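Down below is the structure, laid out as structure tokens.
Quick note: the coordinates plus some simple rules give every number you see, no bench work behind them. Not measured: the values here are computed from a predicted model. Cβ placement follows ideal geometry from the backbone for every residue including glycine, while neighbour counts extend to all protein chains displayed.
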Amino acid sequence: MNPDLNNLQPYPFEKLASLKAGSTPPGDLAHIALSIGEPKHDAPDIVLDTIRDNLDAANRYPLTKGSPELRQSIAGWLSRRFILNKTIDAEKQVIPVTGTREALFAFAQCVIDRADDAIVMMPNPFYQIYEGAALLAGATPYFYNTTKETNYLPDFDAIHESVWQRCQLIYICTPGNPTGKVISEQQLADLIEKSKTYNFVIASDECYSEIYFDEDQPPPGLLEVAYKNGNRNFTNCIVFHSLSKRSNLPGMRSGFVAGDEQIIKKFLLYRTYHGCAMPPAHQIASITAWDDETHVVNNRELYREKFDAVLDILAPVCDAHKPDAGFYIWLNTPINDEDFAQQLYDRYNVTVLPGSYLSRKANDINPGEDHVRMALVAPVEECIDAANRIRQFIETLN
């Protein structure tokens, strides 16, 4: 067996299941899960209709590269959303993927040179796929903390030059999971310059980019910043986007990778052997989704309604704030995060995810400690019910 498998840690939800084992929450309260970031809003009818209308496409093998029509649809969406003036080449700079989770993992296997003492950098707290990808690529994970003191944003200037010299790949997540923070254009521009100086690849996980609160201020993206700063070839820049959150289609497993042509070319070679082409009907349905913005605008409105209602309830008793974007509340807890999550479940039948399960100890701290992640994915009535229960629980602690 691959010995690197022994370095993998249990997934956060395995730890959560162990934490909850033995608890007997009150039977008169229905369970409300705020722990998993799985969208619960209805999938768009226009996309589901497209799948049904194209099931006969299942009688042929799909291309790993995706259909020309899908790649063009993705390139068009990128150009519109991030004001790229049609500089994305649909033929050479875009690959559809079967959900960005598998692509984020596979990407490290493709770009890491095992002959060197490679570092893969990632935010802390983080999406655990980054860590597993680094370890199974034979690299050393380096966790850069995002703490309350830095407004839950990375401080790239605080990282020693020796780390940058060994870095081959850095994962960034903007908007962040679990913090909901958006990395500024200036920080992205500075990071792109560092990538040129130290020759590393930037993998920007932007899967939450389409859930934001001000229609006039969408979060910036890595390719957008590269373009604005004259990097029209998107050198060292790769972005990952998905229909899971944007379009409430997590089960369709549809996303894409785009950016630097030379990196995309090698990643396509890797994926040809990987055997992960998107089913034909899903490719056709993805075109429908990327070409339509009406359902995305409506989706954002549902999240605004939930955040407004929940924060009105929680703000008087705790440090609960609206994120810059995304659908998580990163709550600073008045007691240890594991105790908070266990007691909340045991007494009020609400499940949240301890922040320490999403982070590692780095620079003498675990930045997820004393936080919990709350995913406002349930219907608004359930979110309001959960918020009232959480408020009652916090009031008993206070």
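For the chain, DSSP calls about 50 percent of its internal beta bridges antiparallel.
Exposure proxy for His295, His241: other Cβ atoms within 10 Å of each Cβ, ordered fewest to most, give His295, His241. For Lys265, the lysines whose Cα comes closer than 22 Å to its Cα, not counting residues fewer than 8 places off in the same chain, are Lys65, Lys86, Lys92, Lys196.
Sorted largest first, the principal axis extents computed over the alpha-carbon atoms of region 59-292 equal 52, 44, 32 Å. Remark: Met278, Met1 ranked as Met1, Met278, counting other beta-carbon atoms within 10 Å and listing the fewest first. Computed about the Cα centre, the dipole magnitude for region 39-143 is approximately 200 debye when only Lys and Arg (+1) and Asp and Glu (-1) carry charge, each at its Cβ.
The spacing between region 134-167 and region 92-129, judged by their C-alpha centroids, is 15 Å. Report note on the peptides 145-158, 216-229, 321-334: ranked by the mean count of other C-beta atoms within 10 Å, highest first, their order is 321-334, 216-229, 145-158. The H on the amide N of Leu353, modeled in the peptide plane, is under 5 Å from the matching H of Arg373, each at least 5 residues off or on a different chain. The relative contact order of region 59-292, computed from alpha carbon pairs under 8 Å that lie at least 6 residues apart in sequence, is 28 percent.
I'd like to compare 370-379, 169-178: which one has the highest average count of other Cβ atoms within 10 Å, and what's the full order after that?
169-178, 370-379
Rounded to whole numbers, the Karplus 3J(HN,Hα) couplings from phi for region 311-322 are 5, 4, 7, 8, 3, x, 10, 7, 8, 9, 10, 5 Hz, using 6.51 cos²θ - 1.76 cosθ + 1.60 with θ = phi - 60°, and x at Gly and Pro.
Using only Cα atoms, tell me the angle between helix 280-290 and the longest principal axis of the chain; keep it within 0 to 90° and round to the nearest 10. The helix 280-290 is inclined about 70 degrees to the chain. As a rough guide to protection, the peptides 264-273, 198-207 ranked by mean Cβ packing within 10 Å, highest first, stand as 198-207, 264-273.
Using R0 = 41 Å, the C-beta based FRET efficiency linking Ala57 and Gln9 works out to 0.55. The phi torsions of region 115-120, fed into the Karplus equation with coefficients 6.51, -1.76 and 1.60 and a -60° offset, translate into couplings of 5, 9, 7, 7, 10, 10 Hz, rounded to whole numbers, with Gly and Pro shown as x.
Taking every Cα-Cα distance in the chain and sorting them into 10 Å bins starting at zero, the pair-distance distribution P(r) comes out as 5, 23, 32, 26, 13, 2, 0 percent. About its Cα centre, the dipole of region 59-292 is roughly 760 debye, where the only charges are +1 on Lys and Arg Cβ and -1 on Asp and Glu Cβ. Residues whose amide H comes within less than 5 Å of that of Tyr142, counting only those at least five positions distant or on another chain, are Val120, Met121, Met122 (H built at 1.01 Å from N in the peptide plane). Coupling constants for region 73-85 follow from the phi torsions by the Karplus curve (6.51 cos²θ - 1.76 cosθ + 1.60, θ = phi - 60°), and in residue order they are 4, 5, 4, x, 5, 4, 5, 5, 5, 10, 6, 9, 6 Hz; glycine and proline get x. Overall size of region 1-155 from C-alpha positions, given as principal axis extents largest first: 55, 50, 41 Å.
Sorted largest first, the principal axis extents computed over the alpha-carbon atoms of region 295-371 equal 42, 32, 21 Å. Across the chain, Cα pairs under 8 Å and at least six residues apart give a relative contact order of 25 percent.
Can you list the residues of region 65-84 with backbone N under 17 Å from a point 7 Å past the Cα of Glu215, pointing along Cα to Cβ? The answer is 81, whose backbone nitrogens lie closer than 17 Å to the label point. Expressed to the nearest 5 percent, the antiparallel share of DSSP beta bridges inside region 59-292 is 35 percent. Around the amide H of Leu249, modelled in the peptide plane, lie the amide H atoms of Ser244, all under 5 Å away and 5 or more residues distant in sequence or on another chain.
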